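In what follows, a structure is listed as structure tokens, so that the remarks can point back to it.
The values are calculated or read from the model by the stated rules, or taken from the named source; none is laboratory data. Just so it is clear, the structure is predicted and the values come from calculations on it, not from any experiment. Virtual Cβ from ideal backbone geometry, glycine too; neighbours counted across all protein chains shown. Only protein heavy atoms, including side chains, enter the accessible area calculation; ligands, DNA and RNA are left aside. Shrake-Rupley method; radii C 1.70, N 1.55, O 1.52, S 1.80 Å.
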Amino acid sequence: MNDFIYENSTKIYFGKDQLRKLSVELCKHGKRVLLTYGGGSVKTSGLYDKVVEEIKKSGLQLFELPGIEPNPRIESVRKGAEICKREKIDVLLAVGGGSTIDATKYIAAAACVDFDPWDFFSKFSPLKEALPVVIILTHSATGSEMNTGGVISNLETKEKIGRLARPLLPKASFLDPTNTYTVGPYQTACGSADIMSHIIEVYFNMNKGLYMVDCFMEGMMKTVIKYAPIAMKEPDNYEARSNLMWASSWGINGFISSGKRQAWSCHSMEHELSAFYDITHGLGLAILTPRWMEYCLDETKVSKYYQFGTNVFGIDPTLEPMTVAKKSIEMLSDFLFNTLGLQSTLTEIGIGKENFPIMAKKACEGEVIAGFKPLAQKDIEKIFEMCL
Ligand code: NZQ
Ligand code: ZN
């Protein structure tokens, strides 16, 4: 295990009866609150009314930014930053999934600078401070509720870029699994595929001596495999929703990646699919991951697949390692495409190969993705082709 520093100060309020603590959390940071949310699910679910009531009861002043898009756009960030500056906002409250949360984080940062917020991504301009952000999570998927990341899209330039920065870490997150009861089967499947991918991206590396975190990751993957289909069939199954929600946060809050070399490959490739075709993040990952695993498999890496296949999918450990490895990819595909019912090819979702060279070049930034297996442009093009 490599040396590491781990710090995650997001305060978690988990469970059904935590919303009454919301105003206490917000009041710590001031009186003027910008409430951000997406395309309307918070209104149809009734959560919006509860949140507004809670905020008004405590005498806080409320401003709103509705309409944050899935794969959030830089325009929403600009709009939110303008409101923050004009209205002298003290604290932001994001109610939604990863898209609303990511946009809100970058609004909070953009409110503290004079340059255009796209510069955070295109020029890597300094991100030294941000207004405080509090979250009410409504979708188990990205882990944005407990991490320093944010991913923003620019349709003009066909770019979707993620960046981590300490000041973006939410001050507090309210994780009430009942707020995910209204997430439909398709989005539940996509969110679960995203959680799986966050773990797989970290799990598949050849670093040694990580038994403790490997066991933790295997437990989380088994959790998603067990509970995602239940949540799809029984949307108000509290046990399923709560397990998925906590797995969402722990899948990408820095814990499992501590002590090892980072190895994120599928996310770099998926962000190009979303940037060019605006597809749902978890769906893109589901299509890519088994093909990427197939592409990376060789004798030098087979032991990791063996560990995955036997510990996560319960494949017979007496089989030949290469047999287990291939079977593990089949079982993952079966989970994603049959159990979760996600589309299994790019062709099915209307994506052809015309942009593969440019997307592949962007995914590796003209060099290589230094992941589990280093991937240059040609390798990435081949993986995209395997997804057709
Ligand atoms: O916009 P509304 O109306 O709220 O509808 C959303 C949206 O259509 C809906 N939804 C969310 N909660 C719901 C609900 N519908 C019914 N009931 C509820 N309770 O679900 C749809 C998808 O929401 P979205 O926020 O886009 O999904 P997700 O949480 O998967 O976020 C995806 C974004 O996060 C980025 C992705 O790239 C993508 O842009 N990621 C962020 C990461 C991070 N910050 O660490 C890491 C991830 O790997 C990922 O890249
Ligand atoms: Zn993801």
If you take just the helices (runs of 4 or more DSSP H) that sit entirely in region 258-361, which of them hold at least 1 residues that are charged (D, E, K, R) and over 29 Å from residue 147 (Cα atoms)? 281-296, 321-333
Among 79, 85, the single one that is open to solvent by 30 Å² or more (accessible area, probe 1.4 Å), in the same structural domain as residue 42 (by TED's automatic domain parsing) and either in contact (Cβ under 8 Å) with a residue 40 or more places away in the chain or within 27 Å of the chain's Cα centre (by Cα) (or both) is 79
Scanning for something more than 10 Å from ligand 1 (Cβ to nearest atom), open to solvent by 10 Å² or more (accessible area, probe 1.4 Å) and over 25 Å from residue 105 (Cα atoms), does region 177-188 turn up at least one residue? yes
Looking at residue 103, is it modelled with pLDDT of 95 or more and away from ligand 1 (no atom under 11 Å from the Cβ)? no
When residue 246 is evaluated against the numbered criteria (1) farther than 17 Å from residue 14 by Cβ; (2) assigned to a helix (DSSP H, G or I); (3) more than 16 Å from ligand 2 (Cβ to nearest atom), which criterion, by number, is the only one it fails? (1)
Taking only region 128-145 into account, find how many residues are aliphatic (A, V, I, L, M), open to solvent by 10 Å² or more (accessible area, probe 1.4 Å) and over 16 Å from residue 93 (Cβ atoms). 0
Picked from region 362-381 (must be open to solvent by 30 Å² or more (accessible area, probe 1.4 Å) and part of a helix (DSSP H, G or I)), the residue farthest from residue 292 (Cα to Cα) is 362
Would you mind stating whether residue 111 is closer than 18 Å to residue 9 by Cα and modelled with pLDDT of 95 or more? no
Checked pairs for region 36-50, first within 20 Å of residue 72 (Cα to Cα) and in the same structural domain as residue 97 (by TED's automatic domain parsing), second β-branched (Val, Ile, Thr) and part of a strand (DSSP E or B), C-beta under 6 Å and 6 or more apart or across chains, list as 37/95; 42/95
